[in-house]
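First the structure, in the form of structure tokens, and then the observations on it.
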Amino acid sequence: MFKHLQAVPGDPLLALIVAHQQDPNPKKVDLGVGVYKDDEGRCPILESVKKAEQIMVDNEVTKAYLGVYGAAEFAPIIQELLLGKDNAIIKEGRIQSTQTPGGTGALKVAADFISANLPDARLWVSDPTWGNHESIFRSADVEVCHYPYYDAVTNGVRFDEMMAKLEAETKAGDVLLLHACCHNPTGVDLSFEQWQVITDFVNQRGLLPLIDAAYQGFGDGLEEDMAGLRYMAERTPSMLIANSFSKNFGIYRDRCGGLSVIAETATEAKNAFSIIGQAIRANYSMPPAHGATVVHTIWTNPELHSLWEAEVTQMRNRINGLRNQLVEKLAATGVSKDFSFIAKQRGMFSYSGLTLEQVRTLRSDYSIYIADTGRMSVAGVSDHNIDYLCDAIAKVVG
Ligand code: PLP
Ligand code: TYF
């Protein structure tokens, strides 16, 4: 039956985790996959999460099925986090949200929804984007197109080229995927002014924005990181938002995310949401409860809520502090390349500008694990490895 099948390569980022795990070098450094790490190199369970889980153990009374959309009381949390407490879109009932298995689950449901109901829509993603965007939409038979985004010369956004491409080639009904903040893999975000320009274009062309919010809180703050998304949501008739709680609650393996649909009217939103429910049933029937219960327990307990906000601030400050330290220490080595852009990037990742050859040498000669694209997960840097890392980069770059 399976004789004709050829093995396919796995996700290169996940392969990097295994390679790092198997490396016996005590000095090894893992800057591969995007998980937050503390100074000891551990991906810790947040204290707010531990406390919430304790409350849950004491109070949980059933493991019965949740329902297609997950817990009803979870949807307002997704909406408040993304749009802010008193947003008119929420009050008008123009947004409907469902719990999903991670941000990935939300993207998959969005892809199936688009494929079945907007059959002529093409998806436009940034060049580059998170590798899974393409796989998820291709698997749902949605054509994927690219717009210019990262500028390797200025380490900024090729905004004029991006807009020129979208202007020339998008058609009404196409879907435009934007990263809300902390762009993966580059760390280079759109400015607020650029969000404003794109919003005008989206409305004028009649595009459907799909916003991927996987790192809320890791850029400049929980509210600040949503400024562009909120500006656009308040001015466009329709939007899809896939969000993830994996990073900002540190509950990666519990698989908790959300998919929200915003429509012109409450009725339209409800209709679209019912079809999203159909896509969920055909995928995984209903989401797991644990992660969403953790988030709900924290959100509704004032003490835990403040503790969680402080922990998000701590994670963000650590990463942004590491960015500044990297810039200073790399400069101090006398390296020929200017790395000051690292401090301006945001979120878990930095497109370092290291070439494939340099990345490979760092891996083979120094046991430093960086993705082939040169993307570094900054959270993997620590006080213990930063000097070793900067010296190695300086030696490899020259
Ligand atoms: N979107 C982006 C841009 C990501 O980097 C990730 C990363 O993990 C996700 C979505 C999916 O997150 P989750 O682990 O919640 O599925
Ligand atoms: O880009 C990253 O590192 C994270 C984690 O198939 C991730 O988004 C990477 C690959 C993957 C799932 C999650």
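We did not get these values from a lab; they are worked out from the coordinates using the rules stated. Note that this is a predicted model, so its numbers are computed, not measured. Here Cβ is always computed from backbone atoms with ideal geometry, including for glycine, and neighbour counts include all displayed protein chains.
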Note to self: In whole Hz and in residue order, list the ³J(HN,Hα) couplings for the range 217-226 that follow from phi through the Karplus curve 6.51 cos²θ - 1.76 cosθ + 1.60, θ = phi - 60°; x for Gly and Pro.
What the structure shows: x, 8, x, 10, x, 4, 7, 3, 5, 9
Next item on the list: Enter the Cα centre distance for the pair the range 3-44 and the range 205-264, rounded to the nearest angstrom.
Entry: 27
Next item on the list: Have a look at the range 47-103 and give its Rg and Dmax from the Cα atoms, expressed in angstrom.
Entry: 14.0, 37
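Counting alpha carbon pairs within less than 8 Å and at least 6 residues apart, what relative contact order, in whole percent, applies to the chain? Spell out each step's value before the answer.
Values: 712 pairs, mean separation 103.0, N = 398.
About 26 percent, as a whole number.
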Item checked: Dipole magnitude (debye, nearest 20) for the range 65-300, charges at Cβ of Lys, Arg, Asp, Glu -> 740
Next item on the list: Whole Å is fine, so just give me how far the alpha carbon centre of the range 143-168 lies from that of the range 366-398.
Entry: 28
Next item on the list: Pull up all non-local amide H partners of ALA213: gap of 5 or more, or a different chain, and H-to-H distance under 5 Å with H placed in the peptide plane.
Entry: ALA180, ALA242, ASN243, SER244
Notebook entry, point to check: Among the lysines, which fall within straight-line cross-link reach of LYS344, defined as a Cα-Cα distance under 18 Å, with same-chain neighbours fewer than 8 residues apart omitted?
Noted result: LYS329
Notebook entry, point to check: Once the range 102-162 is represented by equal point scatterers at the alpha-carbon sites, with solvent omitted, what log10 I(q)/I(0) does the Debye formula produce at q = 0.12 Å⁻¹?
Noted result: -0.34
Note to self: Given contacts defined as C-alpha pairs under 8 Å and at least six residues apart, what's the relative contact order of the range 1-141, whole-number percent?
What the structure shows: 13
Check: Which residue, GLY353, GLY103, GLY131, tops the fluctuation ranking in a GNM of the chain built on C-alpha contacts under 10 Å?
Finding: GLY131
Notebook entry, point to check: Can you give the direction-averaged projected area of the convex hull of the alpha-carbon atoms in the range 278-395, in nm²?
Noted result: 10.9
Notebook entry, point to check: Which log10 I(q)/I(0) values, to two decimals, does the range 65-300 give at q = 0.07, 0.10, 0.13, 0.18 Å⁻¹ under the Debye formula with one point per Cα?
Noted result: -0.20, -0.41, -0.72, -1.50
Check: What percent of all Cα-Cα pairs in the chain falls in each 20 Å bin, counting up from 0?
Finding: 27, 57, 16, 0
Next item on the list: Considering only ASN320, ASN283, ASN243, give the residue with the highest GNM mean-square fluctuation for the chain, with springs between Cα atoms whenever their separation is below 10 Å.
Entry: ASN283
Margin query: If the elastic network links every pair of Cα atoms under 10 Å, which of VAL261, VAL68, VAL57 fluctuates the most in the Gaussian network model of the chain?
Written below: VAL57
